[in-house]
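The values are calculated or read from the model by the stated rules, or taken from the named source; none is laboratory data. Source: prediction; values computed, not measured. Neighbour counts run over all protein chains shown; Cβ positions are idealised from the backbone, glycine included. Please note that ligands, DNA and RNA were not included when accessible areas were found on the heavy atoms of the full protein model with its side chains. Shrake-Rupley method; radii C 1.70, N 1.55, O 1.52, S 1.80 Å.
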Protein chains: 2
Amino acid sequence: MKVFIAGIDGYLGWPLAIYLSARGHEVAGADLLLRRQWVAEVGGVSALPIASREERLFAFKEATGVELDFRVGDLTDYDFVKGFFREFQPEVVVHLGQMPSAPYSMIDQAHCVWTQQNNVINNLNILWAIKEAAPAAHLIKLGTMGEYGTPAVDIPEGFFEVEFRGRNDRLPFPRQAGSWYHQSKVHDSHNTHFAAKIWGARATDIMQGVVFGTRIAEMGDDSRLRTRLDFDQCFGTAINRFCCQAVIGHPLSLYGLGKQKRGFLPLADSMQCLGLAIENPPDAGEYRVFNQFENAYSITELACLVKGVAADIGLPVDIKRYDNPRAEMEDHYYNPDRQHLLDLGYQPTRDIKSVIKAMLLDLLDNRERIEEHADALIPDIRWDGGRKRSEVIG
Amino acid sequence: MKVFIAGIDGYLGWPLAIYLSARGHEVAGADLLLRRQWVAEVGGVSALPIASREERLFAFKEATGVELDFRVGDLTDYDFVKGFFREFQPEVVVHLGQMPSAPYSMIDQAHCVWTQQNNVINNLNILWAIKEAAPAAHLIKLGTMGEYGTPAVDIPEGFFEVEFRGRNDRLPFPRQAGSWYHQSKVHDSHNTHFAAKIWGARATDIMQGVVFGTRIAEMGDDSRLRTRLDFDQCFGTAINRFCCQAVIGHPLSLYGLGKQKRGFLPLADSMQCLGLAIENPPDAGEYRVFNQFENAYSITELACLVKGVAADIGLPVDIKRYDNPRAEMEDHYYNPDRQHLLDLGYQPTRDIKSVIKAMLLDLLDNRERIEEHADALIPDIRWDGGRKRSEVIG
């Protein structure tokens with residue numbers, strides 16, 4: 001199929017181009033390369049060195065024989081998006097092209113506004129460009145499990161049947177997101193659902209858990225095909241941060257009680273799931289929601305997993321709790337469904353430990369890059385709008 | 001109290017300035033005067049002639065003895081908003097300063113994107129400016145009953161207790177808005193709720209019904225103090241449109257089956273309710289939702305009410321059904337709560353007919369203005385993205 005990837009230079013977008021190409025799909029994509037700038041802005045760096053866009057294209061050609069149509073462009077520029085869609089005629093659009101960091105969106109007014117403006121407008125542009133230039137295309141929109149927040153009831157996949165005062169309805173499950181970034185994803189979910197209702201757009205809204213990992217099999221041993229891996233307070237997810245901390249002997253940093261539960265999945269599972277969504281499109285006018293994760297763990301359970309694997313390869317690490325810069329529930333019920341992807345054939349990675357081990361070995365080769373930017377590991381962006389470096393509390 | 005009105009030149013903003021001033025509050029406000037441009041853009045005009053900003057300020061001074069601080073400025077310009085708040089130090093901010101039309105937001109990609117960008121960003125700016133320049137201020141945000149859509153269950157005020165798979169939680173009531181404009185209001189509700197959670201902002205989110213009417217008592221007989229009244233397909237609400245149609249002998253135009261139910265309230269009730277919200281602020285960190293309407297009627301019931309009152313003053317009118325340009329449920333359950341304002345002392349206008357009669361008499365004086373712009377009464381902006389003038393179907 002002809003698949004357009006918005007955000008093709010990113011942590012997920014780049015491996016997805018490689019994964020889909022290996023499965024015989026025709027891929028094109030766009031990226032403004034902003035992630036590279038944002039990470040530098042907050043004092044971070046990709047723990048694994050990544051190739052430039054030009055080197056990536058060259059390596060992609062060598063590995064696959066295909067010239068990848070990867071253009072630098074701004075998705076908030078409607079003419080760019082519509083023109084590209086008109087030319088490429090995608091059958092599927094995978095939208096990964098957004099600012100993805102909660103703390104980055106919480107820095108100040110300017111970052112909050114920029115995040116919502118960028119994410120909401122570029123998703124609207126993609127919806128309109130599909131309508132006007134490729135109306136049969138299936139939009140796969142990357143949302144996040146964080147859209148739901150942490151309710152005291154089970155989290156269904158997008159919709160639930162409720163009884164209220166003796167009457168029944170199937171309603172969208174309420175969203176209680178925990179950052180300006182997560183709120184932008186909630187807005188996108190509402191807009192996307194509405195487009196399916198009024199235009200017959202076909203859409204899959206992926207509520208993804210936290211992804212971790214450094215590689216997928218389809219990259220082979222070509223280092224120019226590697227994806228980025230961030231560990232700074234903004235763009236580093238918890239488990240990537242833990243692995244980077246483990247290789248430089250820094251205590252694994254939990255926020256607050258460390259009992260926060262989240263859904264997690266390895267990079268290869270994320271690719272597998274996106275592939276399943278692509279190859280099993282919804283009907284016209286159908287808006288479906290997939291909760292996409294391998295399993296739910298508490299942050300402490302995750303840190304203990306990393307600590308255990310690190311010990312196996314001779315890396316002794318501590319776990320420390322830091323005062324929590326975020327406003328979030330630190331101890332809560334968490335039981336999200338994830339049946340839709342299993343129904344499509346998703347085979348979850350059962351052996352998380354071997355994924356973590358491979359990550360640690362990749363990262364050990366790049367220990368100095370992490371050490372040089374270790375300051376970025378400890379958060380100081382606070383949900384109350386201030387800046388104050390978190391301190392060890394236990 | 002010191003009350004800042006965002007959108008002080010508008011249909012509600014201008015009467016609110018007069019109403020609050022008469023009750024002894026100190027009022028200031030901002031407006032970019034865009035409503036005057038939008039209405040012209042879609043071929044409409046205010047059925048009642050309205051004074052320029054300068055004439056309004058002059059008349060306000062004559063009537064109240066007060067120099068009104070009403071500045072022309074853009075709420076998406078953060079420095080303007082924050083600077084004004086820093087100077088004025090509002091205790092209450094009433095945010096009426098948004099693009100308020102569903103059809104206008106549905107015209108095309110540019111109008112959709114402009115609407116969401118303007119409404120989402122200016123609400124974020126107001127939240128941030130309160131935090132940074134007037135942190136104790138109470139935000140009263142104008143939302144709309146349209147945020148809820150038309151679920152098959154009762155509509156509570158913002159939140160509901162649900163049981164799901166044997167567990168219980170109090171959750172935000174799901175929003176299923178029916179236009180890009182209404183979606184922008186949903187986004188604002190989510191953002192405002194989040195600001196209350198993380199910053200302790202105090203916020204009242206008003207889910208208002210359709211407002212109608214031409215005057216409030218506090219305007220006296222000074223025509224320079226009158227508010228606007230629109231009847232075009234974009235900015236004219238159903239009942240204003242019906243009254244304008246009645247005075248020029250145009251059939252009252254229902255969309256589709258005409259069984260759509262909505263909440264309605266007279267302009268004077270809207271002022272009364274906003275006054276109650278202002279004078280009864282929530283606690284710090286409290287986000288409360290008021291459903292604000294006098295009663296729920298079907299569009300056909302409303303049209304029959306207007307027809308009856310028009311007949312009483314010698315204006316014979318027909319009612320016609322037009323093919324519906326919108327994608328909406330035309331026959332549905334509708335039972336929203338509206339207890340919170342009653343608890344604060346809201347005294348609903350029970351005599352809707354006398355309000356309609358006063359409107360018709362005011363409009364009769366301006367029959368020619370309506371006749372000259374009668375083309376704008378029949379819709380052609382369609383929810384499927386096209387343009388096609390609706391035709392009579394019954």
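Filtering segment B:314-329 to residues that are crowded, with 17+ Cβ neighbours inside 10 Å and under 16 Å from residue B:151 (Cα atoms) leaves B:328, B:329.
The listed residues are A:175, A:167, A:241, and the only one of them that is of a type in the set (D, E, K, R), more than 13 Å from every other protein chain (Cβ to nearest Cβ) and either in contact with a Leu (Cβ under 9 Å, 6 or more places away or on another chain) or open to solvent by 10 Å² or more (accessible area, probe 1.4 Å) (or both) turns out to be A:241.
If a residue has to be in a strand (DSSP E or B) and open to solvent by 10 Å² or more (accessible area, probe 1.4 Å) to count, how many in segment B:195-207 make the cut?
Selection size over segment B:195-207: 1.
Taking the criterion of being surrounded by 15 or more Cβ atoms within 10 Å (Cβ to Cβ) and either acidic (Asp, Glu) or in contact with a helix residue (DSSP H, G or I) (Cβ under 7 Å, 6 or more places away or on another chain) (or both), the residues of segment A:346-363 that qualify are A:346, A:348, A:349, A:352, A:356, A:357, A:359, A:360, A:362, A:363. For segment A:126-149, filtered to residues that are in contact with a Phe, Trp or Tyr (Cβ under 6 Å, 6 or more places away or on another chain) and more than 7 Å from every other protein chain (Cβ to nearest Cβ), the residue that is surrounded by the most Cβ atoms within 10 Å (Cβ to Cβ) is A:129. For the structure I just gave you, tell me whether residue A:161 is open to solvent by 10 Å² or more (accessible area, probe 1.4 Å) and either within 7 Å of chain B (Cβ to nearest Cβ) or part of a strand (DSSP E or B) (or both). Yes: the conditions hold for residue A:161. So residue A:332 clears everything in (1) within 14 Å of chain B (Cβ to nearest Cβ); (2) without any contact (Cβ under 8 Å) to a residue 24 or more places away in the chain except one condition, right? Which one? With respect to (1) within 14 Å of chain B (Cβ to nearest Cβ); (2) without any contact (Cβ under 8 Å) to a residue 24 or more places away in the chain, residue A:332 is out only on (2).
Just wondering, is there one or more residues in segment B:112-120 that are under 28 Å from residue B:236 (Cβ atoms) and more than 11 Å from chain A (Cβ to nearest Cβ)? Within segment B:112-120, not a single residue is under 28 Å from residue B:236 (Cβ atoms) and more than 11 Å from chain A (Cβ to nearest Cβ). With respect to (1) part of a loop (DSSP other than H, G, I, E, B); (2) away from chain A (no Cβ under 11 Å), the lone exception for residue B:153 is condition (2). Could you say whether any residue in segment A:365-386 is open to solvent by 50 Å² or more (accessible area, probe 1.4 Å) and closer than 30 Å to residue B:196 by Cα? Yes, the conditions are met somewhere in segment A:365-386. For the residues A:265, A:257, the requirement of being open to solvent by 20 Å² or more (accessible area, probe 1.4 Å), at negative phi, more than 14 Å from chain B (Cβ to nearest Cβ) and of a type outside the set (Asp, Glu) singles out A:257. Considering segment B:212-238 alone, what residues qualify as being surrounded by fewer than 24 Cβ atoms within 10 Å (Cβ to Cβ) and either within 14 Å of another protein chain (Cβ to nearest Cβ) or among the aliphatic types (A, V, I, L, M) (or both)? Across segment B:212-238, the qualifying residues are B:216, B:217, B:219, B:238. Considering (1) at the interface with chain B (Cβ under 8 Å from one of its Cβ atoms); (2) touching a Leu at 6+ places or on another chain (Cβ under 9 Å); (3) surrounded by 23 or more Cβ atoms within 10 Å (Cβ to Cβ), say which one residue A:192 fails and leave the rest. So residue A:192 meets the others, but not (1).
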